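These notes are about the structure you will find just below.
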Amino acid sequence: MSEQNKSGRIPGAGNGRRRKERAKRSRRAAVLVSGALAVLVLGGTGLGYVYVKLDGNLETVDINAQLGTDRPDDVDNGSLDILVLGSDSRSGDNGAYGKDEGGARSDTAMVVHVYEGHKRASVVSVPRDTLVDRPKCTDAQGATVAGERRAMFNTAYEVGGPACAVKTVESMSGIRMDHYIEVDFTGFKKLIDKLGGVEITTTAPIRDGKSHLDLAPGTHTLDGEQSLGLVRTRKSVGDGSDLGRIQLQQAFMKAFMNQVKDVGVLSNPKKLLDLADAATKAITPDSELDSVQELMGFAKGLSGIGAQNVHMVTLPVEYDPRDPNRVVPLEAQSRQVWTALRKDLPIPASATKDAATGQADGIVK
């Protein structure tokens, strides 16, 4: 087994109990914010004095306390599983993107599986409109939230918050999530602006009134507002479904990762600190990632993963025969995906064959 086990701790360190590796970061992030904090790790010598400031940016949520012990087994095989959510809450600064109707939903959900050795990763996007059997869970106030059959996946977050979203993913996959990270609209936008934008190439025009995006075919450097527009775009690409939007998000995520690698922050300490400041304000991690030290340890463990080593898929689904505005998992293919990750194996190509796609692949590169 590698020197870092699934807890991310050096064997023998700590208080004797096996700990989980301390983790890191999309609708907008996953390995994204990971990249920004990896930058802090690489340039961190002499920057200890800023840790207190950055720690003050972090707000966390105690997932483990709400989930209790009724969870999948913790398989210590050197891999790591993280649920990354982008919330569509319209409260606070996010009110510019629509009316807050009283409950946030998980507008984007990605299960990030980091393989043993932490050199490769697979990302499974779960469409928000997927109909699932949502399990009973406990919300942040300790109240019990009843389960529901054929519930939209994104209602788990709406009715029970992060812990209910994690429990729903664990129920679907049979995989224990080691960490949870939530990314916010406004924080995402500011992070992109601090980065200096993200370069993408479009192969077809994208004009979307709802996301206020108007891009001609060609190469563009998107600022934060445009980047947010891209990952929110739905009706104007592919078949107009959430599946097409997921394909745009995955393409953008890879472009973001490449941009972080190329930003050259090691020669620019101010940019380094600006990125770290924006990154720690953009996310809400679980309580095991409640300090910059913890996040840095996680980021360092992922620093060897490049965009070319990340395999992205969408959970295999089909349009629901009873409601074409919803999708349902393809049972056999979905089982292939989750079994592969549970065994720390690559996702086979057969798992996504004949699944609905959204028809937006290749529009963004």
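The values are calculated or read from the model by the stated rules, or taken from the named source; none is laboratory data. All of these numbers come straight from a predicted model, not from anything done at the bench. Here Cβ is always computed from backbone atoms with ideal geometry, including for glycine, and neighbour counts include all displayed protein chains. Heavy atoms of the whole protein, side chains included, go into the accessibility calculation; ligands, DNA and RNA do not. Shrake-Rupley method; radii C 1.70, N 1.55, O 1.52, S 1.80 Å.
Being out of contact with any Pro (no Cβ under 8 Å at 6 or more places or on another chain) and of a type outside the set (Gly, Ala, Ser) holds for only one residue in Leu295, Leu222, Leu215, Leu243, and it is Leu222. Restricting attention to the range 281-311, the residues being assigned to a strand (DSSP E or B), open to solvent by 30 Å² or more (accessible area, probe 1.4 Å) and not polar (S, T, N, Q) number 1. Put simply, of Thr221, Thr201 the only residue that is within 23 Å of the chain's Cα centre (by Cα), among the hydroxyl-bearing types (Ser, Thr, Tyr), part of a strand (DSSP E or B) and over 27 Å from Lys270 (Cβ atoms) is Thr201.
So for the range 105-112 (the condition being open to solvent by less than 30 Å² (accessible area, probe 1.4 Å), modelled with pLDDT of 95 or more and not polar (S, T, N, Q)), does at least one residue qualify?
Pass one, the range 105-112, residues open to solvent by less than 30 Å² (accessible area, probe 1.4 Å): 106-112.
Cutting the leftovers down to modelled with pLDDT of 95 or more gives us 111.
Imposing the further condition that a residue be not polar (S, T, N, Q) reduces the set to 111.
Within the range 105-112 (the criterion being open to solvent by less than 30 Å² (accessible area, probe 1.4 Å), modelled with pLDDT of 95 or more and not polar (S, T, N, Q)), the answer is yes, since at least one residue qualifies.
So, in the range 150-168, of the ones that are closer than 16 Å to Leu83 by Cβ and not in a helix (DSSP H, G or I), which residue ends up modelled with the highest pLDDT? Per the criteria, the residue is Phe153.
Of the residues making up the range 59-78, those that are among the β-branched types (Val, Ile, Thr) and in contact with an Asp or Glu (Cβ under 7 Å, 6 or more places away or on another chain) are Thr60, Val61, Ile63. If only residues of the range 202-231 that are open to solvent by 20 Å² or more (accessible area, probe 1.4 Å) and at pLDDT below 90 are counted, the one that is nearest to Phe188 (Cα to Cα) is His212.
Pick out the one residue from Ala251, Ala276 that is assigned to a helix (DSSP H, G or I) and at pLDDT below 90. Give the derivation first.
Values: Ala251 fails: at pLDDT below 90.
So the residue among Ala251, Ala276 that is assigned to a helix (DSSP H, G or I) and at pLDDT below 90 is Ala276.
Looking only at the range 171-190, decide whether some residue is in a helix (DSSP H, G or I), of a type outside the set (A, V, I, L, M) and within 30 Å of Arg335 (Cβ to Cβ). For the range 171-190, residues in a helix (DSSP H, G or I), of a type outside the set (A, V, I, L, M) and within 30 Å of Arg335 (Cβ to Cβ): present.
Of everything in the range 232-253 that is closer than 14 Å to Leu315 by Cα and of a type in the set (A, V, I, L, M, F, W, C), the residue that is surrounded by the fewest Cβ atoms within 10 Å (Cβ to Cβ) is Leu243.
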